[in-house]
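What follows is one structure encoded as C-alpha cells, with my remarks underneath.
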Amino acid sequence: MKNMNLYSRGDKIFVFANMVLIALFTVAALYPFIYIAALSFSSGFAAAAGKVVLTPIELTLAAYERVMSEPAFWNSYKNTFIYTFGGTLTSLLIVIPGAYALSRPQLWGRRFWNLLVAFTMWFHAGMIPFFLNMRDLGLLDSYFGIIIGFAVNAFNIILLRNFFESIPTSFEEAARMDGANEWQVLWKVFVPLSKPAIATITLFCIVARWNGFFWAMVLLTDEGKIPLQVYLRHTIAELSDDEEFSSTLLSAPYSVETVTAAIIVCSIIPVLLIYPWVQKYFNKGILLGGVKE
Amino acid sequence: MSGVFLEGIVKRYGSLSVVHGIDLEIKPREFVVLVGPSGCGKSTTLRMIAGLEEISDGTLRIGDRVMNRVAPKDRDVAMVFQNYALYPHLNVADNMAFGLRIRKTPKDEIAKSIEEVAQILGLTEYLERRPADLSGGQRQRVAMGRAIVRHPDVFLFDEPLSNLDAKLRTQMRAEIKRLHKRLGVTSIYVTHDQVEAMTLADRIVVMADGRIEQIGTPMDLFNNPVNTFVAGFIGSPPMNQFSAVIEEGQGGLVARANGTTIPLPALEELRGAAGRDVVVGIRPEHVHLGAEEGTSAIPIELDLIETLGSEALLHTHVGNETFVAKVETHGEIGHLQGVNALHVKPERVKLFDRETGRAIGRAA
C-alpha cells in the first residue's frame, strides 16, 4: 500500500516555524541564567573586562566566599524564607476557602462577590494609599505586615475558583451523602482533587514572595528584616560606593558584578529545587477514573 | 428499615414546575423503581429524597421523620451515582471508609465493615487500587460498597448501570437483586431502562412529565397498563397500538381497523360501546403463528424478520399500521418466511379510550 502523507507541506512548515520560535524563546530565557552562573564563578577582573559570555573565566569561588562571609546575607536569606513560607501559607489559607465559596452556586450574591474580587485585579487605590494604610495599621517594619499585606491575590482566587467549578458536582454530592459538611467537602475532596491548580498557585506565590522586592523596600527600614532581594540591592549600592573596594578592583578576586551574580545564584537555587516537586502535578490529570464521562 | 413517604411533592425551578405533586408510599424493605423517559422528573424526585434538591412543596417522610429540611448527611440514606463519583485520590478501601471516617466510626469497626462488604462484592483483592485502575464493573461495585458499608436506612440508585456494557449490566442487575435480597434495605432505583425496572422491582413507578402515570408490580404494569403511555413504555418491543372503532360482530363486539376485525374481550365496560373510537393494544408476545382455541386471525403483510436466537421479531403491516410480533423460532426461521396471518386471543387485546388514552376495562 502506498504510504499516506498525513501532513501537508503547509503543516510541516508551520510545525517547523513553531519549533524554531520555541527554540529561540528557550535560549532567550536560559541564557541570562547561564550568563549569571558563569559570571558568579569568574574572577572579578574577567567580569569587569566583559570576557564572560557562556562559561566561567578564571574559575574562582571568591564571590561566593565574599557573599557567605556576610552575616547580613544569611539574615536576609532567613527573612526571605519567613516571608515566602509564611506568605504562601497565609495566601493558600485565604485563597482556597475564598475560591471554594465563590465557586459554589448556592453562595448568596455570587455574581456580585465574584465581580468584587475581579475588580481588584484591574483597579486598586495605588501605592501611596496602600502605604498609608499599612502605616496606620502599624504594619510597617514588621514580618506580619509583609506576610498579611499581600496574602490575597485575586488572580489566584479566580484561577482556583475556575478549577473548582470544573470538578464534577457528583463528587461534592457523594461527599455530602457520605456525611461531609462544606468544610470537609472542601478539604477532603476538593483540595486533593485540585492538586494541579493548588500546585500552580503555590508556585506563583512562592516565586512572587521569593522575588518580592519593591514593597519590602518601601515597607521595611529595619536592616534586620529585609529580604534577600533588598539585601542584593543594598550590596550592589554599597560595593559601588565603596571607594576602597573600587581602588582594589584590578587585584581583588571578585567584583560588584561577580558578587551580585553570586547572590542571584544563591537566591535562585531554592526556587529551582522546588520547581521539579511542583511540576509533577502540572502534567497529571487527578480526576482520572473517579467519574465515568 | 424505614419506609419512604412522598405526599404532594412538588419541584419548581423559578416558575418552571418539573415535578407536579407526587404521592408515593414505599414500604420498608421494598425495592421500588422509578422509570420513565428522559426529563420525566424521576432523577429530580430521587434527588429530593436524597436531600440534594430542595423540595418546593409537599412532605417527605423517611420512617416517621419529616425530612424536607434535613441535610443529606442526617437522612441516613446512601446513594449510588450514575457516574460512580468515586474519589479518584483515594483507593478502594478509603473510598468505602470515607463516610465512616466522617462519622468518626472506630477504626477497627471500619476495617471490619470494609472487609465484610469487600467480600460480598468480590472487591477484596482490589482494596488498595485507585478508581482509575479498575474496570467499569469494579468501579460500580465500589460505588455500591461505599453505600452498603454505612448500613443506611434507604438506598438510592440513580441509573447506576447506564454506563456499563450490555453484558455487564445484566450481571450487575442480578448482583443488585441478590444484594437487596440479602440486605433487605429499602431501595429506590431510577432508570430509563424498562428491562432493568421489570427485572429488579417489587413495584414500578412509571413517570412522565413530572407525574406518576402508574404504580404497580412489573407483571401488573405489563398486563394491565392504565394508559397508552404505560402500554408503550413497558415491554420490549412495546405494545402494538392502532386506532379502531368498536362494532357489533357475530359473536360479540369487535374492533375494526384497517379492514381487519379483531374480536374483543367480554368486558363490562364495553356494554353499549359500539361506535366508540378506541386504541387497540396487542403485545408482540401475545400473538401466535397458528390458530389455537379461541384465537382469531389478523391478516398481515410480512415486512422483515429480526432473529434474536430462540425468538424472532416479525415486523409486519396490518393495513397501514405497523405491527410487531415476537414469536419462538425453535432454532430455525424458515417457517416464518411465509407467514401471512397472526392469531390472538380476545382476552389479550387491550383497549384504550382514543381521546384520553385511559385503559378501558381490566383483563386478566
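The values are calculated or read from the model by the stated rules, or taken from the named source; none is laboratory data. Note that the coordinates shown come from a computational prediction; the quantities given were computed from them, not determined experimentally. Counting neighbours? That spans all protein chains shown, and the Cβs are built from the backbone with ideal geometry, glycine included.
Give the residue that is nearest to A:Trp215 (Cα to Cα), with candidates limited to residues of the range A:103-131 that are aromatic (Phe, Trp, Tyr) and not in a helix (DSSP H, G or I).
A:Phe123
Quick one: count up the residues across the range A:161-183 that are part of a helix (DSSP H, G or I), farther than 24 Å from B:Phe157 by Cβ and not hydroxyl-bearing (Ser, Thr, Tyr).
We begin by selecting, within the range A:161-183, every residue part of a helix (DSSP H, G or I); these are A:161-166, A:169-177, A:182-183.
Okay, now just the ones that are also farther than 24 Å from B:Phe157 by Cβ, so A:161-166, A:182-183.
Now drop any that are not not hydroxyl-bearing (Ser, Thr, Tyr), which leaves A:161-165, A:182-183.
Here the count works out to 7.
Check B:Asp209 against each of (1) on the phi < 0 side of the Ramachandran plot; (2) surrounded by fewer than 22 Cβ atoms within 10 Å (Cβ to Cβ); (3) touching a residue at least 12 places away in the same chain (Cβ under 8 Å) and name the one condition it does not meet.
The number of the failed condition is (1).
May I ask you to list the residues in the range A:175-195 that are in contact (Cβ under 8 Å) with a residue 12 or more places away in the chain and facing another protein chain (nearest Cβ under 9 Å)?
Passing the criteria: A:Ala175, A:Lys188, A:Val189, A:Pro192, A:Leu193, A:Lys195.
Just wondering, is there one or more residues in the range A:216-223 that are in contact (Cβ under 8 Å) with a residue 24 or more places away in the chain, more than 21 Å from A:Met127 (Cβ to Cβ), within 14 Å of chain B (Cβ to nearest Cβ) and among the charged types (D, E, K, R)?
Looking for residues that are in contact (Cβ under 8 Å) with a residue 24 or more places away in the chain, more than 21 Å from A:Met127 (Cβ to Cβ), within 14 Å of chain B (Cβ to nearest Cβ) and among the charged types (D, E, K, R), one finds none in the range A:216-223, hence no.
May I ask you to verify whether A:Arg176 is closer than 22 Å to A:Pro105 by Cβ, charged (D, E, K, R) and surrounded by 15 or more Cβ atoms within 10 Å (Cβ to Cβ)? Working first, answer last.
Working: closer than 22 Å to A:Pro105 by Cβ: yes; charged (D, E, K, R): yes; surrounded by 15 or more Cβ atoms within 10 Å (Cβ to Cβ): yes.
Here the answer is yes, as A:Arg176 does meet what is asked.
Residues that are under 26 Å from A:Thr169 (Cβ atoms), within 11 Å of chain A (Cβ to nearest Cβ) and surrounded by fewer than 18 Cβ atoms within 10 Å (Cβ to Cβ): does the range B:143-157 have at least one?
no
If I ask for residues that are touching a Ser or Thr at 6+ places or on another chain (Cβ under 7 Å) and β-branched (Val, Ile, Thr), which ones from the range B:320-343 would you list?
B:Thr329, B:Ile333
Go through the range B:11-44 and count every residue that is closer than 17 Å to B:Ile62 by Cα and assigned to a loop (DSSP other than H, G, I, E, B).
Looking only at that region, the number is 4.
So, in the range B:114-129, how many residues would count as being assigned to a loop (DSSP other than H, G, I, E, B) and away from every other protein chain (no Cβ under 11 Å)? Let's see the steps before the verdict.
The initial filter retains those residues of the range B:114-129 that are assigned to a loop (DSSP other than H, G, I, E, B), namely B:122-123, B:127-129.
Retained after the next criterion (residues that are away from every other protein chain (no Cβ under 11 Å)): B:122-123, B:127-128.
Qualifying residue count, the range B:114-129: 4.
Within 14 Å of chain B (Cβ to nearest Cβ), surrounded by 15 or more Cβ atoms within 10 Å (Cβ to Cβ) and outside any loop (DSSP other than H, G, I, E, B): which single residue out of A:Ile198, A:Ile158 fits that description?
Every option except A:Ile198 fails the conditions.
So which residues in the range A:104-148 are among the polar types (S, T, N, Q) and at pLDDT 90 or above, if there are any at all?
Selection gives A:Asn114 alone.
Look through the range B:177-201, keep the residues that are under 23 Å from B:Gly63 (Cα atoms) and among the β-branched types (Val, Ile, Thr), and return whichever of them is surrounded by the most Cβ atoms within 10 Å (Cβ to Cβ).
Selected residue: B:Val190.
For A:Phe164, state whether it is away from chain B (no Cβ under 14 Å), over 30 Å from B:Ala78 (Cα atoms) and of a type in the set (A, V, I, L, M, F, W, C).
Details: away from chain B (no Cβ under 14 Å): yes; over 30 Å from B:Ala78 (Cα atoms): no; of a type in the set (A, V, I, L, M, F, W, C): yes.
When the stated conditions are applied, A:Phe164 does not pass them.
Scan the range B:212-260 for residues that are among the β-branched types (Val, Ile, Thr) and at pLDDT below 85 and jot them down.
B:Thr260
So, in the range B:73-94, of the ones that are part of a helix (DSSP H, G or I) and within 9 Å of another protein chain (Cβ to nearest Cβ), which residue ends up farthest from A:Glu182 (Cα to Cα)? Spell out how you get there, then give the answer.
Restricting attention to the range B:73-94, the residues satisfying the condition of being part of a helix (DSSP H, G or I) are B:73-74, B:92-94.
Imposing the further condition that a residue be within 9 Å of another protein chain (Cβ to nearest Cβ) reduces the set to B:73-74.
On the way: B:Lys73: 11, B:Asp74: 14 Å.
Looking at residues that are part of a helix (DSSP H, G or I) and within 9 Å of another protein chain (Cβ to nearest Cβ), I get B:Asp74.
Given A:Tyr100, A:Tyr31, which one is in a helix (DSSP H, G or I) and closer than 25 Å to A:Leu228 by Cβ?
On inspection, the qualifying residue turns out to be A:Tyr31.
For the range B:243-264: of the residues being buried (at least 20 other Cβ atoms within 10 Å of the Cβ) and not β-branched (Val, Ile, Thr), which is nearest to B:Thr316 (Cα to Cα)? Talk me through it step by step, then tell me what you get.
Here is the first cut: in the range B:243-264, the residues buried (at least 20 other Cβ atoms within 10 Å of the Cβ) are B:244, B:246, B:253-255, B:257, B:260, B:262-264.
Restricting the remaining residues to those that are not β-branched (Val, Ile, Thr) gives B:244, B:253, B:255, B:257, B:263-264.
Values: B:Ala244: 18, B:Leu253: 25, B:Ala255: 19, B:Ala257: 15, B:Pro263: 20, B:Leu264: 21 Å.
Step by step, filter the range B:243-264, then rank; the result is B:Ala257.
For the range B:169-188, check the following and say yes or no: at least one residue is over 20 Å from the mean Cα position of the chain (by Cα), over 15 Å from B:Asn83 (Cβ atoms) and within 10 Å of chain A (Cβ to nearest Cβ).
For the range B:169-188, residues over 20 Å from the mean Cα position of the chain (by Cα), over 15 Å from B:Asn83 (Cβ atoms) and within 10 Å of chain A (Cβ to nearest Cβ): absent.
Is it true that B:Leu127 is farther than 29 Å from B:Ile22 by Cβ, of a type in the set (A, V, I, L, M) and surrounded by fewer than 20 Cβ atoms within 10 Å (Cβ to Cβ)?
Yes.
Has the range B:168-184 got any residue that is part of a loop (DSSP other than H, G, I, E, B) and farther than 18 Å from B:Ile49 by Cβ?
yes
For the range A:1-19: of the residues being among the hydrophobic types (A, V, I, L, M, F, W, C) and surrounded by 10 or more Cβ atoms within 10 Å (Cβ to Cβ), which is nearest to A:Thr60 (Cα to Cα)?
Ranking the qualifying residues of the range A:1-19, first place goes to A:Met19.
For B:Glu54, indicate whether it is touching a helix residue (DSSP H, G or I) at 6+ places or on another chain (Cβ under 8 Å), loosely packed, with under 14 Cβ neighbours inside 10 Å, at negative phi and within 14 Å of chain A (Cβ to nearest Cβ).
Considered against the rule, which asks whether it is touching a helix residue (DSSP H, G or I) at 6+ places or on another chain (Cβ under 8 Å), loosely packed, with under 14 Cβ neighbours inside 10 Å, at negative phi and within 14 Å of chain A (Cβ to nearest Cβ), B:Glu54 comes out as yes.
Identify all residues within the range B:28-51 that are more than 14 Å from chain A (Cβ to nearest Cβ), surrounded by 15 or more Cβ atoms within 10 Å (Cβ to Cβ) and under 17 Å from B:Arg211 (Cβ atoms); write none if there are none. First the steps, then the outcome.
Here is the first cut: in the range B:28-51, the residues more than 14 Å from chain A (Cβ to nearest Cβ) are B:28-42, B:45.
Checking which are surrounded by 15 or more Cβ atoms within 10 Å (Cβ to Cβ) leaves us with B:29-36, B:40-42, B:45.
B:Val32, B:Val33, B:Leu34, B:Val35, B:Gly36, B:Cys40, B:Gly41, B:Lys42, B:Thr45, listed by residue number.
Check B:Val287, B:Val327 and return the single one that is farther than 13 Å from B:Asn240 by Cα and touching a strand residue (DSSP E or B) at 6+ places or on another chain (Cβ under 7 Å).
That would be B:Val327, the only listed residue that is farther than 13 Å from B:Asn240 by Cα and touching a strand residue (DSSP E or B) at 6+ places or on another chain (Cβ under 7 Å).
In the list B:Ala143, B:Ala147, B:Ala132, B:Ala111, which residue meets the criterion of being without any contact (Cβ under 8 Å) to a residue 40 or more places away in the chain and either assigned to a helix (DSSP H, G or I) or under 26 Å from B:Thr44 (Cβ atoms) (or both)?
B:Ala111
Give B:Pro225, B:Pro160, B:Pro237 a once-over and let me know the one that is surrounded by fewer than 17 Cβ atoms within 10 Å (Cβ to Cβ), within 18 Å of the chain's Cα centre (by Cα) and in a loop (DSSP other than H, G, I, E, B).
B:Pro237
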